[in-house]
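Quick notes on the structure that follows.
Only the coordinates and a few stated rules stand behind these numbers; no lab work does. Treat the numbers as computed from the prediction; the structure is a model and nothing was measured. With ideal geometry, Cβ positions are generated from the backbone for all residues, glycine too; neighbour counts draw on all protein chains shown.
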Amino acid sequence: MTPRRIAIVPHSHWDREWYESYQEFRLNLVDMLDTLLPLLETDASYPYFMLDGQMAVVDDYLDVRPEAEPRLRALAAAGRLSMGPWYILMDEFLSSGETIIRNLQMGIARGAAFGGVMDVGYLPDMFGHIAQMPQILRQAGFTDAVVWRGVPSAITKNAFMWEAPDSSTVRAEYLPVGYGNGAALPDDAKALVRRTVDLVKEIEPFLMGALLCMNGSDHLFPQPWLGRVVAEANELQDDLAFEVTSLPRYLAAAPSENLEHWKGELRSGFRSNMLMGVTSNRVDVKRMGALAERALERRAEPLATLFQAPAEWPEKLLALAWKEVVRNSAHDSICACSVDDVVDAVLHRYAEARTIADGLATRAVASFAQSLAAPGHYVLNAAPRARAGLVELVVGAAEPPSGDVQVVSERTGLPGSMVLDATTVRTVLGMLQGPKIDNDAWVHDVGVEEDDEGLHITVTVGAEERRNVPIAEAKQDIYARLGARPDAVVRISLNQPPIRRIVARVDAVPGYGWQSFEPAPLTHRVEARESDGAVVLANGLVTVEIDTKLGTFAVDGRPGYGRVVDGGDLGDSYNYSPPGRDSFVDTPLSVSVRVVEPGPVRARAAITALYVWPDHVDGSSQARVGAHEVEIETLLELRADDPVVRVETSFVNPSRDHRVRVHLPLPDPATASQAESAFAIVERGLTAEGRVDELGLPTAPAHRFVSAGGLTVVHNGVCEYELIDIEAGPGGEAARTIALTVVRSTGMLSRLGMAYRPFPAGPLTPVDGLQMAGRRITLSYALAVRHDDPYALADDVLLPLDVVAASGGGTRPARGSALGIEGAQVSALHRVAGAAEVRVFNPTPYPTTVTIHGHSGWLVDLRGYPEQPFEGSFALRPFGIATARLRDA
Ligand SMILES: [Zn+2]
């Protein structure tokens, strides 16, 4: 009998931050690598070590030990130290597709300094895997993945072929008991043999031959005796052939023929914890993450590409912002299954990234405004598709408003004058630092006249920014005159015409384009009205009627939207788990409704509903006890010529140990949902695989949108949803409602003895921030019935049109497009080495032609290697992702 190969791969799984902060774990990381490097350099029997598939570990070490870089490089070049390919081991569902790709590209780029990254798509601890991962890996040149969580019952061996929706396939090595099956091996050959026999027994049905023995686990140090014990174990017996090896070497000899096959995402809890509840803990983190990603992906990068010269591309600032976002995508970071120090750091990194992105977008928009030939207001569309929409802007109020605009507020001017002495004038002028007085008031001119009486200063104020107003010069002039006539009387006159803030609908603005602002005639005017105690918003396309008793609303006669359901949660950061004696609150004590804006462009109504929620779950009785009043504000908005209902629900969370969801009825019974995931819309059924150790709860993340039963919901941030109210019908079981999780409060990093997951998934650490108590929780979402393009809907809801005021003098015409892209969804528009690069994907099952009007270039893979040239257009397979580098833009 040939002995069974036992491939021992020494490694350490390094969660950068988790139940301790990054800096605490980093101290250990420095110690670990200080131990490892001499071992690898001097002990030939300890030949390999894997640095957890993420380059962040290397950077974090070198920040403290910069002098060690040549040693790391030498060990990597010798193949003894495996690094990368990722920059960080991200969560695949809670970060955007673009963040996942940038993460991989950052890892590969950083790894180049060390002779290249490990040639394996190592995904050891992620809480499930996205459907498109095989395609992403193949486009970066990888043919192997290594996975643990999420693998379904259909897979019965330790390897399978994993196929993405576009048919890209990688060989996936499945770790049946995780990445730590060979952690902490004994320093004794006989014990090693016994332990290995047990290991083989444990997963023998899976094994197709060799046993992959992952010698490491969370934050473990290398075991320096390993080489000696392995040699002794080989001397002792002939059944097992031990070797210390690397993951690439193990995979090179692993079977790849006649493997089982799986297509799509891996979200099963059949054999290992999926920890699906991380989607709904710390909802503030998920929202901040989505806002930062959107600010980078949909505004800063495309706007700077389109409206700033290539030489002005803010490469370093964008790299800083991306590094923060990528670091935050680490599975314990974005998942927020971490202590409060970590979550605070994550929120701060997102704020930093978003501030950079917002600032860069503002600069690009200003650059666009300066380039326009004629003065006036312009509407700018940062989305690739042409679209109409609503804009809000401040205009002069000299003329009465047209019937197609809606006045939000009006401010009469402040004409008038005052007489001041020279000292006071100096103080007043000292406060005038620039042209901006407030968001709606800008200095347009400062005039000075002098006569026998004294000085007459006239400050003219307008509603929009005007460049090159010589304020400093005017101040100097005034100071000089006052110096010559210290006793002069000074009369300051303010010349500010009245202004008004308006909302108007504009006709379709070209994709990545602009046009001068012109209110569009309204076809379906919207109106909010109160009648017989009810409040109705209607525009001829959709009717929203608010139930003034329940605080919910009906859409086109279907009642029950926006029902807020509060129930107990005795789970933890990883899993929802109801208390033994759960109770629910879904009926308010009182409701008041008021019209906030009547129409005709935008109608808004506010629902204020008062509930009494229990305070917390009593540990011994498992009942929800205590009481808190909570006021839930829901703002409903309907726009002219738009069938979308926009909703924002907000409250200060008074309670602990609970889960709050919003229920939305489905127009038709649904047997499946379609949710946005990275580069795809994934279909999920009504159930999820689980096991005794973790209930298969069919809650799932949706990136920007989810559809089911004729209803599409767009939401601001990654959101947890579940299809509920499942009843038997003629076509089998079907759901009647979709529930969105508004907040989940637990207060425990992990817990023992939970109903839905009895064993811990991490340290049993109380974490107060996980309760979200006292924090304002806001869920923004939009509803559309029978909408056929959720991507367009998501842009309309989440990426509003910009309005800019131009003072003219440039060369740009009044209408145009900076780049025309058709035929696919755009994931990225940015610059790489000076050239504009567009990443598109086809979320449909049909082949498409992607047209990039007037441009040629090369399709490149995710490492930037050219694949094929294109002239103006290229074909894209169903569910394909493509990256086009433009030669001439
Ligand atoms: Zn981990």
Cβ-based exposure ranking for MET754, MET106, in which fewest neighbours within 10 Å come first: MET106, MET754
Computed lengthening from ASP63 to ARG863, 0.36 nm per intervening residue step minus Cα-Cα distance: 285.4 nm
With r as the distance between the Cβ atoms of THR2 and VAL596 and R0 = 45 Å, compute the FRET efficiency 1/(1 + (r/R0)^6) and round to 0.05. 0.05
Sort largest first and round to whole Å: the equivalent ellipsoid semi-axes of the range 754-812, each the square root of five times a Cα gyration tensor eigenvalue. 45, 21, 12
Report D for the range 1-153 in µm² per second (integer): Stokes-Einstein, Kirkwood Rh on Cα pairs, 10 °C, 1.306 mPa s. 97 µm²/s
Report the one residue of SER82, VAL617, PRO598 whose Cα lies farthest in the direction of the positive end of the charge dipole of the chain (charges on C-beta: Lys and Arg +1, Asp and Glu -1; origin at the Cα centre). SER82
Going by the alpha-carbon gyration tensor, a ≥ b ≥ c the square roots of its eigenvalues, is the chain rounded (a/c under 1.5) or, if a/c is not under 1.5, prolate (a/b greater than b/c) versus oblate? prolate
For the chain, what's the relative contact order in percent, using C-alpha pairs closer than 8 Å and at least 6 residues apart? 13 percent
Over 32 Å (Cα to Cα) - which of LYS286/LYS436; LYS263/LYS316; LYS316/LYS436 fall in this group: LYS286/LYS436; LYS263/LYS316
Could you point to the residue in LEU27, THR849, PHE206 farthest towards the positive end of the chain's charge dipole, with +1 and -1 charges on the Cβ of Lys/Arg and Asp/Glu respectively? THR849
Largest first and in whole Å, give the semi-axes of the range 384-437's equivalent ellipsoid, each being the square root of 5 times a Cα gyration tensor eigenvalue. 38, 18, 7
Can you pull the one-decimal nm distance between simple spin-label points at VAL832 and MET431, each 7 Å off the Cα toward Cβ? 5.3 nm
Looking at the square roots a ≥ b ≥ c of the eigenvalues of the Cα gyration tensor of the range 558-694, which shape do they give, rounded for a/c under 1.5, prolate if a/b is larger than b/c, or oblate? oblate
If you place +1 on the Cβ of every Lys and Arg, -1 on the Cβ of every Asp and Glu, and leave all else neutral, what size is the dipole of the chain about its Cα centre, to the nearest 20 Debye? 840 debye
Across all Cα atoms of the range 698-845, Rg and the largest Cα-Cα distance (Dmax), in Å, are 22.2, 70
Would you mind estimating how fast the range 432-537 diffuses translationally, via Stokes-Einstein at 37 °C and 0.692 mPa s with the Kirkwood radius over Cα pairs, in µm²/s? 180 µm²/s
Reduced to Cα centres, the span from the range 1-51 to the range 421-446 in Å works out to 63 Å
Working from the alpha-carbon coordinates of the range 456-515, get Rg over Rh, Rh being the Kirkwood radius. 1.25
Under 8 Å for C-alpha pairs, at least 6 residues apart: give me the relative contact order for the range 500-590, rounded to a whole percent. 13 percent
Once normalised by the length of the range 745-824, the mean sequence separation of its alpha carbon contacts under 8 Å that are 6 or more apart gives a contact order in percent of 20 percent
Would you please classify the overall shape of the range 442-491 from the alpha carbon gyration tensor, given that a ≥ b ≥ c denote the square roots of the eigenvalues, rounded means a/c under 1.5, and beyond that prolate means a/b larger than b/c while oblate covers the rest? prolate
Reachable aspartates and glutamates from LYS157, Cα under 12 Å, same-chain residues fewer than 8 places away excluded? GLU173, GLU204, GLU260
Counting sequence-distant residues (5 or more places) and residues on other chains, those with an amide H built under 5 Å from that of VAL408 are ARG501, ILE502, VAL503
Computed Kirkwood radius, in angstrom, where 1/r is averaged over Cα pairs of the range 573-636: 14.3 Å
So what is the orientation-averaged projected area of the range 232-339, using the convex hull of its C-alpha atoms, in nm²? 13.9 nm²
So the angle from the long Cα axis of helix 471-484 to the longest Cα principal axis of the chain, reported in degrees to the nearest 10, equals 50 degrees
By average C-beta atoms within 10 angstrom, highest first, the peptides 593-601, 486-494: 593-601, 486-494
Quick check for me: using +1 on Lys/Arg Cβ and -1 on Asp/Glu Cβ, what's the dipole size of the range 479-624 about its Cα centre, in debye to the nearest 20? 1020 debye
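Quick check on the chain: helices-only [θ] at 222 nm, where DSSP H runs of length 4 and up contribute -39,500 (n - 2.57) each and the sum goes over total residues. Nearest 500, please.
Here the helix-only value at 222 nm equals -7000 deg cm²/dmol.
Taking only Cα atoms of the range 758-859, what ratio of Rg to Rh do you get with Rh as the Kirkwood inverse-distance radius?
1.13
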Over the Cα atoms of the range 165-205, what radius of gyration and what Dmax do you get, in Å? 15.0, 49
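Between ASP198 and SER409, what length comes free when the chain is fully extended (0.36 nm per residue of separation minus the Cα-Cα distance, one decimal in nm)?
Gain on stretching ASP198 to SER409: 68.5 nm.
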Based on the mean of other Cβ atoms within 10 Å per residue, sort peptides 292-305, 445-458 so the most packed one is first. 292-305, 445-458
Roughly what would the spin-label model give for ALA78 and GLU392, points 7 Å off Cα along C-beta, in nm? 6.3 nm
If the viscosity is 1.567 mPa s and the temperature 4 °C, what translational diffusion coefficient in µm²/s does Stokes-Einstein give for the range 530-604 when Rh comes from Kirkwood over Cα pairs? 88 µm²/s
Zone residues, the range 679-718, relative to ASP725, backbone N less than 15 Å from point 7 Å out along Cα-to-Cβ: 708-712
Please grab the % of Cα pairs in the range 1-78 that end up more than 17 Å from each other. 49 percent
Computed over the Cα atoms, what is the radius of gyration of the range 131-225 divided by 2.2 N^0.38 Å, N being its residue count? 1.26
Give or take rounding to whole Å, what are the principal axis extents of the alpha carbon atoms in the range 271-324, in descending order? 51, 20, 16
Taking 1 over the mean of 1/r across every pair of different Cα atoms in the range 319-455, what Kirkwood radius in Å do you get? 21.0 Å
Normalized C-alpha radius of gyration of the range 143-184, against 2.2 N^0.38 Å? 1.24
Taking 0.36 nm per residue of separation between ALA792 and ARG815 and subtracting their Cα-Cα distance, the length gained on full extension comes to 6.1 nm
